[in-house]
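The values are calculated or read from the model by the stated rules, or taken from the named source; none is laboratory data. Predicted model, so just to flag it, every value in this text is computed and none were measured. Cβ atoms come from the backbone with ideal geometry, glycine included; neighbour counts cover every protein chain shown.
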Amino acid sequence: MLGNFSYKNATKLYFGDDSLKYLNDELPKYGKNVVLIYGGGSIKKNGVYDAVISILKANGKNVVEDAGVMPNPTADKLREGVKIAKAHNADLLLAVGGGSCCDYAKAVSVSVNTDEDPWEKYFVKFDEPTCEIVPVGCILTMAGTGSEMNGGSVITNHDTHQKIGHVFGEEVMPKFSILNPKFTFSLPKRQMVAGIYDVFNHICEQYFSGTDDNVSDYLAEALMKSVIKNSLVAIDDPENYEARSNIMWAATWALNTLISRGKTTDWMVHMLGQAAGGYTDATHGMTLSAVSLPYYRHILPYGLSKFRRFAVEVWGVAENGKTDTEIAEEGLAEMEKWMRKIGVALTLSELGATKDMIEGIADATIILDGGYKTLNRDEVVRILSESL
Ligand code: NZQ
Ligand code: ZN
């Protein structure tokens, strides 16, 4: 039975190969002072930077740049970003990049008008913002996280080996996001597939929970099928607009709060992956792929009927003459074949994790209870060890 819920998504989206022009519609809604947030320079190579700058200039904006947002943005960088935005008296934070830039912009947005340390306040104490929030807009260049249409913000603290996500409310969601699938064409293949696996796993995290008949699960299955099909096109033909646009749109729907309405959710792959990320600083999607198979094989007996449904509905496994367990296991075997085909990491060792890190990663793993099995610490250690 669907649980009770409210639903609103506060982000306005512009999607398509001409979508950047709508920045002209959005900019006049905000004051003059814009902080342009971007990463390590990919936007300078693929022309997105020049295109954005010329629109900002045409709209008479006073722009300050906050560049160098790294993948898995750090608490130190966040403190620096808050200083830049404060000094510039920012009216709009415009993030141009992947999930890291969008997440970072949200974290800055809730920290400009408070004197408290942003890491401590939002990622250790999980306070909700009570200060004025600077509006955020996103121009997305990588499909994966869903950050363009959600309130999530994940920050990494290298000193403490922690990678922590805070899911803020609608007031922190981007006011607008611009999604041009062509901007993703320049992604290196490894980043593209990491993003694809991130999308797929966001759907799994919301699918592998509950025993009721729930419309969200049907939506999830459709999204998963689309991601699988289009990923196989995109790995052979990265500039296939149809495939890249489908992946980009599926990424947004995978984590824009819709498919979790009215149901419980799991999120343990993310908890394990994030904890591993705190130690290795590895690419987000790859940390998820590395722990997924050991985790799902471990919880399969506890969620057997859903894993059976996953096998049949998502992977087309034939049912005749097989036990439920055989069908469910075949589904995960098909998933593994797909993961190998697109080329995601299947072990934590290839991401730089070592045996001596396992205890620390296990300590850092937040155990959630929305899935089919609430793990105990021994199980966490076992799954992490099997993932090595
Ligand atoms: O920094 P630049 O030079 O831009 O290069 C980036 C970066 O090196 C590159 N890139 C992005 N777009 C490109 C491109 N290179 C060439 N052409 C383009 N068009 O890709 C690299 C990775 O970018 P990043 O933004 O780090 O990737 P992603 O979008 O996967 O974001 C990862 C971060 O988001 C968090 C992750 O934990 C991680 O910190 N997440 C955020 C979530 C949310 N807000 O809800 C949920 C997710 O589960 C995730 O945890
Ligand atoms: Zn993710």
Practice task
For the range 294-304, state whether one or more residues are buried (at least 21 other Cβ atoms within 10 Å of the Cβ), within 21 Å of the chain's Cα centre (by Cα), within 13 Å of ligand 2 (Cβ to nearest atom) and within 26 Å of residue 377 (Cβ to Cβ).
Solution key: no
By residue number, the members of the range 116-145 that are touching a helix residue (DSSP H, G or I) at 6+ places or on another chain (Cβ under 6 Å) and in a loop (DSSP other than H, G, I, E, B) are 127, 133, 134, 141, 142, 143, 144, 145
Selection over the range 30-41 where residues are over 20 Å from the mean Cα position of the chain (by Cα) and either under 12 Å from residue 95 (Cα atoms) or in a strand (DSSP E or B) (or both) yields a count of 4
Only unsatisfied item for residue 113, checking (1) within 16 Å of ligand 2 (Cβ to nearest atom); (2) part of a loop (DSSP other than H, G, I, E, B); (3) of a type in the set (S, T, N, Q), is (1)
Matching residues in the range 160-186 (among the aliphatic types (A, V, I, L, M), within 11 Å of ligand 1 (Cβ to nearest atom) and in contact (Cβ under 8 Å) with a residue 60 or more places away in the chain) number 3
In the range 146-159, anything assigned to a strand (DSSP E or B), of a type in the set (A, V, I, L, M) and either touching a Leu at 6+ places or on another chain (Cβ under 6 Å) or more than 7 Å from ligand 1 (Cβ to nearest atom) (or both) is listed as 155
Out of (1) at pLDDT 95 or above; (2) away from ligand 2 (no atom under 13 Å from the Cβ); (3) among the β-branched types (Val, Ile, Thr); (4) within 17 Å of the chain's Cα centre (by Cα), the one residue 291 does not meet is (2)
- Message: Tell me whether the range 285-296 contains one or more residues that are closer than 24 Å to residue 329 by Cβ, within 13 Å of ligand 1 (Cβ to nearest atom) and not in a helix (DSSP H, G or I).
- Response: no
Residue hits (the range 30-88; touching a residue at least 40 places away in the same chain (Cβ under 8 Å), among the basic types (Lys, Arg) and in contact with a helix residue (DSSP H, G or I) (Cβ under 7 Å, 6 or more places away or on another chain)) are 79
### Query
Is it true that some residue in the range 5-13 is among the small types (Gly, Ala, Ser), surrounded by 12 or more Cβ atoms within 10 Å (Cβ to Cβ) and over 25 Å from residue 242 (Cβ atoms)?
yes
| Residue check for residue 136: in contact with a Pro (Cβ under 9 Å, 6 or more places away or on another chain), surrounded by 24 or more Cβ atoms within 10 Å (Cβ to Cβ), in contact (Cβ under 8 Å) with a residue 40 or more places away in the chain and within 25 Å of residue 268 (Cβ to Cβ) | no
Report whether or not residue 266 is within 15 Å of ligand 2 (Cβ to nearest atom), modelled with pLDDT of 95 or more, buried (at least 23 other Cβ atoms within 10 Å of the Cβ) and part of a loop (DSSP other than H, G, I, E, B). yes
Take the conditions of a type in the set (D, E, K, R), within 16 Å of ligand 1 (Cβ to nearest atom) and in contact with an Asp or Glu (Cβ under 7 Å, 6 or more places away or on another chain) and apply them to residue 106. Does it pass?
no
- Message: Taking the criterion of being under 21 Å from residue 259 (Cβ atoms), in contact with a helix residue (DSSP H, G or I) (Cβ under 9 Å, 6 or more places away or on another chain) and free of Cβ contacts under 8 Å to residues at least 40 places away in the same chain, would at least one residue in the range 201-221 satisfy it?
- Response: yes
In the range 1-24, anything among the charged types (D, E, K, R) and outside any strand (DSSP E or B) is listed as 8, 17, 18, 21
Across the range 187-231, the tally of residues that are among the acidic types (Asp, Glu) and either assigned to a loop (DSSP other than H, G, I, E, B) or within 15 Å of ligand 1 (Cβ to nearest atom) (or both) stands at 4
